[in-house]
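Report on the following structure.
The values are calculated or read from the model by the stated rules, or taken from the named source; none is laboratory data. Quick caveat: nothing in here was measured; it's all calculated off a predicted structure. As a convention, Cβ positions derive from the backbone with ideal geometry for all residues, glycine included, and neighbour counts pool all protein chains shown. Ligands, DNA and RNA are excluded from the accessible area calculation, which covers all protein heavy atoms including side chains. Shrake-Rupley method; radii C 1.70, N 1.55, O 1.52, S 1.80 Å.
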Amino acid sequence: MAADGKLSDDPTRLPEPGTPSKPKTNKYALACSFLASMTSILLGYDIGVMSGAIIYIKKDLHISDVQKEIIMGILNVYSLLGSAAAGRTSDWIGRRYTIVFAGVIFFAGALLMGFATNYAFLMVGRFVAGVGVGYALMIAPVYTAEVAPASSRGFLTSITEVSINFGILLGYVSNFAFSKLPTNLGWRFMLGIGAVPSIFLALGVLAMPESPRWLVMQGRLADAKRVLDRTSDSPEESRLRLSDIKNAAGIPPDSDDDTVAVTKRRGGGEGVWRDLLLRPTPAVRHILLCGVGIHFFQQASGIDAVVLYSPEIFEKAGITRDNDKLLATMAVGFTKTLFILVATFLLDRVGRRPLLLSSVAGMVASLTGLGIGLTVIAHSGEKLIWAAALCIAMVLSYVAFFSIGMGPITWVYSSEIFPLRLRAQGCSVGVAANRVTSGVLSMTFLSLYHAITIGGAFFLYGAIAAVAWFFFYSLYPETQGKTLEEMEGLFGGFFRWRTNWKALEEKKLEDSGRVEMMTRVGGTD
């Protein structure tokens, strides 16, 4: 009965034609997801604030273009250490305290940057803050995916991207607010004030429960059940989720004690890394390719070049005054935030694939238009209002298309596809790929556009986005409505993933019919 019930009793997984409505979003799960995703504000704020602060840092510290590139992008490289360590840390002390740890580290980094007296001191602050950002980026989507019920997992996990965008917007506002201060004080206030969100984060997270999946991995079944009862859409779903998690953790289904010994857990994580990287199954290999691939293409398609260097782009488009550049940059932040809010309500209605493919197609068109506008301006001896307007419109269009799909789906998809035992480390590998790509892109943008022109740089990013569209279309199955424990069955076929999808759907229909028939005749296992 349990085997059949696993695939049939959850109303969020087999919507019948004519079903009036889906379950309402669980408010407790929403609150937990919101608090966890606040960690991503730290990254967003740093990205946003550096785009404007660098104008004044360059004037105050008299740094070169190469030093400017490095200080802009080095945080992404430093965050590798945090994301690499976060997987093991979260398995050791739990998801919740790892989030607190991320906030504490970033707090220290923000203060160091705010009090920096020279370039070397500023780099030390960037290092500390980068480690905190790496922790935050890995753990927030993992925790949210493990708390959220399947019916609203896309919406809740996408709050991570909402937080990043909100942080970027706060950074832009901070730039404008402190731009009137003396040059040597303005940028220090811009960077140092970033310590404030981390304080509220560390305190707020203490009110969150621990992830039910982590609790089961520790053998704390009673604690896990209490959390699942509060974060599930129904008592039946809570029981099914607990059963699925116990099965994934290697705990016998008839184990109902408050605490049990989890003998399958391997200490130190050595077995996890072996199963993930050295000897993965075909399904895990496919999952790893998708998890790393979506993180790579999210950054390689140019988002950090647009967000970090938007003042530079607007200057090339003809906007020369610092205040005007910061105002135009704030418009980018508002646009990103608005469209990410739209995306959160579409993820669990439209599905991951349609939004992702539509988003990337729009990004390709926007990057092409931006490249055309900047190229025309560069080759014109006079100010062209239409070309400048085209550039501004294409920047706003690009961030809108990014935010409605590619931005949030990267975190949603990569956090939900890995099997339970590999999830923390698998997500940390994806985040590491994200940060490496972001660091390379942000630290080479100025050199790239000097080499191939600024228009040519965006043509290149557009070509990469076009490759990403074909990659996603070919290899990425739809995960909407699937439980985290069902995910592995979707993968392993690579280009033939549709066969796995069809087989899983047929099996669910068969199991549903069998349970319905047994219910009608009053039969039991």
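Within the range 503-511, can one find any residue that is modelled with pLDDT of 70 or more, closer than 30 Å to Met217 by Cβ, crowded, with 18+ Cβ neighbours inside 10 Å and touching a helix residue (DSSP H, G or I) at 6+ places or on another chain (Cβ under 7 Å)?
No.
Please work out if Gly204 is closer than 30 Å to Ser174 by Cβ and crowded, with 24+ Cβ neighbours inside 10 Å.
On the way: closer than 30 Å to Ser174 by Cβ: yes; crowded, with 24+ Cβ neighbours inside 10 Å: no.
Taking the combined requirement at face value, the residue does not satisfy it.
Which residues, taken from the range 153-173, are of a type outside the set (A, V, I, L, M, F, W, C), within 16 Å of Ala36 (Cα to Cα) and assigned to a helix (DSSP H, G or I)? First the steps, then the outcome.
Of all residues in the range 153-173, those of a type outside the set (A, V, I, L, M, F, W, C) come to 153-154, 157-158, 160-161, 163, 165, 167, 171-172.
Still in the running and within 16 Å of Ala36 (Cα to Cα): 153-154, 157-158, 160-161, 163, 165, 167.
Within the range 153-173, Arg153, Gly154, Thr157, Thr160, Glu161, Ser163, Asn165, Gly167 qualify.
Residue by residue, here is whether (1) within 30 Å of Ser51 (Cβ to Cβ); (2) surrounded by fewer than 24 Cβ atoms within 10 Å (Cβ to Cβ); (3) out of contact with any Pro (no Cβ under 9 Å at 6 or more places or on another chain); (4) of a type outside the set (S, T, N, Q) holds:
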{"position": "Arg213", "(1), (2), (3), (4)": "no, no, yes, yes"}
{"position": "Gln218", "(1), (2), (3), (4)": "no, yes, yes, no"}
{"position": "Glu237", "(1), (2), (3), (4)": "no, no, no, yes"}
{"position": "Pro252", "(1), (2), (3), (4)": "no, yes, yes, yes"}
{"position": "Asp257", "(1), (2), (3), (4)": "no, yes, yes, yes"}
{"position": "Val284", "(1), (2), (3), (4)": "no, yes, no, yes"}
{"position": "Glu312", "(1), (2), (3), (4)": "yes, yes, yes, yes"}
{"position": "Lys316", "(1), (2), (3), (4)": "yes, yes, yes, yes"}
{"position": "Ile319", "(1), (2), (3), (4)": "yes, yes, no, yes"}
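Based on this model, can you work out whether Thr157 counts as under 21 Å from Leu201 (Cα atoms), open to solvent by less than 10 Å² (accessible area, probe 1.4 Å) and of a type in the set (Ser, Thr, Tyr)? Steps first, answer last, please.
Details: under 21 Å from Leu201 (Cα atoms): yes; open to solvent by less than 10 Å² (accessible area, probe 1.4 Å): yes; of a type in the set (Ser, Thr, Tyr): yes.
Considered against the rule, which asks whether it is under 21 Å from Leu201 (Cα atoms), open to solvent by less than 10 Å² (accessible area, probe 1.4 Å) and of a type in the set (Ser, Thr, Tyr), Thr157 comes out as yes.
Please work out if Ala300 is within 16 Å of the chain's Cα centre (by Cα), at pLDDT 90 or above and buried (at least 19 other Cβ atoms within 10 Å of the Cβ).
Values: within 16 Å of the chain's Cα centre (by Cα): yes; at pLDDT 90 or above: yes; buried (at least 19 other Cβ atoms within 10 Å of the Cβ): yes.
When the stated conditions are applied, Ala300 passes them.
Can you run down the residue pairs with Cβ atoms below 8 Å, 6 or more apart or on separate chains, where the first is in the range 78-96 and closer than 16 Å to Phe106 by Cβ and the partner is in a helix (DSSP H, G or I) and open to solvent by 40 Å² or more (accessible area, probe 1.4 Å)?
Tyr78/Phe127; Leu80/Val436; Thr89/Phe101
Could you list, in sequence order, all residues of the range 174-183 that are open to solvent by less than 50 Å² (accessible area, probe 1.4 Å) and outside any helix (DSSP H, G or I)?
Within the range 174-183, just Ser179 meets the criteria.
Against the condition part of a loop (DSSP other than H, G, I, E, B), out of contact with any Lys or Arg (no Cβ under 8 Å at 6 or more places or on another chain) and open to solvent by less than 40 Å² (accessible area, probe 1.4 Å), how does Ser380 come out, does it pass? Outline the logic, then answer.
On the way: part of a loop (DSSP other than H, G, I, E, B): yes; out of contact with any Lys or Arg (no Cβ under 8 Å at 6 or more places or on another chain): yes; open to solvent by less than 40 Å² (accessible area, probe 1.4 Å): yes.
Here the answer is yes, as Ser380 does meet what is asked.
Could you please let me know if Gly186 is farther than 18 Å from Gly44 by Cβ, more than 23 Å from the chain's Cα centre (by Cα), in contact (Cβ under 8 Å) with a residue 40 or more places away in the chain and open to solvent by less than 10 Å² (accessible area, probe 1.4 Å)? Lay out the reasoning, then the answer.
Numbers: farther than 18 Å from Gly44 by Cβ: yes; more than 23 Å from the chain's Cα centre (by Cα): yes; in contact (Cβ under 8 Å) with a residue 40 or more places away in the chain: yes; open to solvent by less than 10 Å² (accessible area, probe 1.4 Å): yes.
The answer is yes for Gly186.
Take residues that are at pLDDT below 80 and tell me which of the helices (runs of 4 or more DSSP H) falling wholly in the range 303-357 contain 3 or more.
The helices (runs of 4 or more DSSP H) meeting that bar are 322-350.
Please tell me if Ser301 is under 30 Å from Asn175 (Cβ atoms) and polar (S, T, N, Q). Talk me through it step by step, then tell me what you get.
Numbers: under 30 Å from Asn175 (Cβ atoms): yes; polar (S, T, N, Q): yes.
Spelling it out, Ser301 is indeed under 30 Å from Asn175 (Cβ atoms) and polar (S, T, N, Q).
Output the residues belonging to the range 220-235 that are buried (at least 18 other Cβ atoms within 10 Å of the Cβ), more than 25 Å from Ala136 (Cα to Cα) and aliphatic (A, V, I, L, M).
Leu221
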